[in-house]
Amino acid sequence: MLGIVAAVLFLLAFLINAAEVSTNDVFTSTNVMLLGLALLALHVAGVGSGWAARGRRR
């Protein structure tokens, strides 16, 4: 799920940059891209992937 959100943020950052949309200082394409990278890093680290079989005993 975090990977999909990261992809949407990357697309949004690309559209802001490509269209040269004037935004405020918080909502720049670089900041949106960095949020996407943070979510992608969390996705790769396994955060939000649901349950994991850590201590599964038989």
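The values are calculated or read from the model by the stated rules, or taken from the named source; none is laboratory data. Quick caveat: nothing in here was measured; it's all calculated off a predicted structure. A quick note on method: Cβ atoms are made from the backbone with ideal geometry, for glycine too, and the neighbour counts reach across all protein chains shown. In case anyone asks, the SASA skips ligands and DNA or RNA and just uses the protein heavy atoms, side chains included. Shrake-Rupley method; radii C 1.70, N 1.55, O 1.52, S 1.80 Å.
Some notes on this structure:
- Residue match in segment 17-28 (condition: within 14 Å of the chain's Cα centre (by Cα) and either at pLDDT 90 or above or open to solvent by 60 Å² or more (accessible area, probe 1.4 Å) (or both)): no
- Where a residue in segment 35-47 is over 9 Å from Gly3 (Cα atoms) and its partner, wherever it lies, is open to solvent by less than 70 Å² (accessible area, probe 1.4 Å) and not basic (Lys, Arg), with Cβ under 8 Å and at least six apart: Leu35/Leu9; Leu37/Ala6; Gly46/Ala52; Val47/Leu2
- The set of residues in segment 44-56 being open to solvent by 90 Å² or more (accessible area, probe 1.4 Å) and modelled with pLDDT under 90 consists of Trp51, Arg54, Arg56.
- Entry remark, segment 1-16: residues being surrounded by 11 or more Cβ atoms within 10 Å (Cβ to Cβ), among the β-branched types (Val, Ile, Thr) and within 15 Å of the chain's Cα centre (by Cα) number 2 in total.
- Every pair of residues 6+ apart whose Cβ atoms lie under 8 Å, when the first sits in segment 3-32 and is within 21 Å of Val47 (Cα to Cα) and assigned to a helix (DSSP H, G or I) while the second is of a type outside the set (Gly, Ala, Ser) and open to solvent by 100 Å² or more (accessible area, probe 1.4 Å): Leu9/Leu35
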